[in-house]
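See structure below.
The values are calculated or read from the model by the stated rules, or taken from the named source; none is laboratory data. Everything numeric in this text was worked out from a predicted model, so none of it was measured. When we count neighbours, we look across all protein chains shown, and the Cβ atoms used for this are built from the backbone with ideal geometry, even at glycine. Protein only, heavy atoms only, side chains kept; ligands, DNA and RNA dropped before computing areas. Shrake-Rupley method; radii C 1.70, N 1.55, O 1.52, S 1.80 Å.
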Amino acid sequence: MRAPASILNLLLLSLLAGLDPSKTQISPKEGWQVYSSAQDPDGRCICTVVAPEQNLCSRDAKSRQLRQLLEKVQNMSQSIEVLNLRTQRDFQYVLKMETQMKGLKAKFRQIEDDRKTLMTKHFQELKEKMDELLPLIPVLEQYKTDAKLITQFKEEIRNLSTVLTGIQEEIGAYDYEELHQRVVNLETRLRDCMKKLTCGKLMKITGPITVKISGTRFGAWMTDPLASEKNNRVWYMDSYTNNKIVREYKSIADFVSGAESRTYNLPFKWAGTNHVVYNGSLYFNKYQSNIIIKYSFDTGRVLAQRSLEYAGFHNVYPYTWGGFSDIDLMADEIGLWAVYATNQNAGNIVISQLNQDTLEVLKSWSTGYPKRSAGESFMICGTLYVTNSHLTGAKVYYSYSTKTSTYEYTDIPFHNQYFHISMLDYNARDRALYAWNNGHQVLFNVTLFHIIKTEDDT
């Protein structure tokens, strides 16, 4: 199935939260709408698709016939249920009548034995018993009617089975193969579509989802955005200083239960909470310096270290909450980044893209947003999003696109449930924000908006 020669507007709703399609003016007639979410703690994605309005079924008459047959079967089921209730009720009458009839038999025997002396007394008792048996007459009549109804049901079911068998023989095998092929084609198109849906503009933040309560007021926890689908390891780094211990968990479930799989003792203490795990290595800021360290979890060795030239450190240009948060390392769909401030840029935020192997600065962008006025920041698709506070009422207030070298002021609120955020990082694989919120490890869901062009678009 080939897409029409026009832009297919696809709307990706990442991680629970979504835009209202009625407000985006995107219609199924214009293209495919893709809704993607990742509620699963292990990062698995659930995807729902609304297809364009097309006549996919060529056998509407048979479809209507099948629906009518289904309704008929449902009506029959209801009637049989009513019949069953009635039969249960009548069965109780029969049991009662059986007891009374046995009593009548005994009375008749007594009358026969002593006709003269007890005739009057037993005749009166017999009359009373006969009066009690009168309700049995309509019950027996109803049984006759029910028996006829059951016979009719059996005949209708036989007829229905014959019709369904005929329909199955007529359309069954051919239509199944046709529908199966359509499903395969749709899955292929969706996979191609999802490959294009790697980047988008932040529209909304919802949550948080509280994963665990642990540690001090400050810290960091993260997963590797480049890990395979089966690799869901979690790394945990408590506190913003005077610590070198990194705890590893095989999954979110192990993290929640506290089942550590491994502990790493780093060669240097870290500064701040703005570390990142990327492609199997930990990147962190060495304490009391502007040096970035790349540490391999596989080998347990430092693979690279480099000074971030002119970058302030040790609470010279931290975020609003302090905590030696001068240098923020992060990753997105594009690569590895460092966010910091310099005297040369008057204490305003500088964004640098880093080589993940050598830590060399590939390119830098100087913004006009004061680093000390930022609560936290994170990168999505090459755009830096900055919050205006780490306390209650915080929102994404400013964004800077490295693609266009332009900025804009935004107004994207989010719920600071535990009143103090000391770490906020985006994970491109999970399409979620990992946060350390006053000793609570939480996840925020994000909504990204995409417009994807097809190969036919000019």
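Please sort by residue number the GluC sites (Glu not before Pro) in region 363-458 whose DSSP state is loop and whose Cβ has at most 15 other Cβ atoms within 10 Å.
Those satisfying the criteria are GLU455.
Skip the ligands, DNA and RNA, and give the accessible area per residue of region 304-396 with a 1.4 Å probe, whole Å².
Per-residue value: 35 Å².
Leaving ligands and nucleic acids out of the surface, order ARG431, ARG217 by accessible area at 1.4 Å, largest first.
ARG217, ARG431
Compute the semi-axes of the equivalent ellipsoid of region 223-382, taking the square root of 5 times each eigenvalue of the Cα gyration tensor, and list them largest first in whole Å.
26, 16, 15
Report the semi-axes of the equivalent ellipsoid for region 296-385 in whole Å, largest first, where each axis is √(5λ) for an eigenvalue λ of the Cα gyration tensor.
Equivalent-ellipsoid dimensions as semi-axes: 22, 15, 13 Å.
Heavy atoms only, probe 1.4 Å: what % of the accessible area of region 316-458 goes to carbon and sulfur, would you let me know?
50 percent
Give a quick list of trypsin sites (Lys or Arg not before Pro) in region 333-420 that DSSP marks as loop, anything other than H, G, I, E or B, with at most 16 other Cβ atoms within 10 Å.
Answer by residue number: LYS403.
Based on the Kirkwood radius over alpha-carbon pairs, what value in µm²/s does the Stokes-Einstein equation return for the translational diffusion coefficient of region 350-439 at 20 °C and 1.002 mPa s?
In µm²/s, the coefficient rounds to 153.
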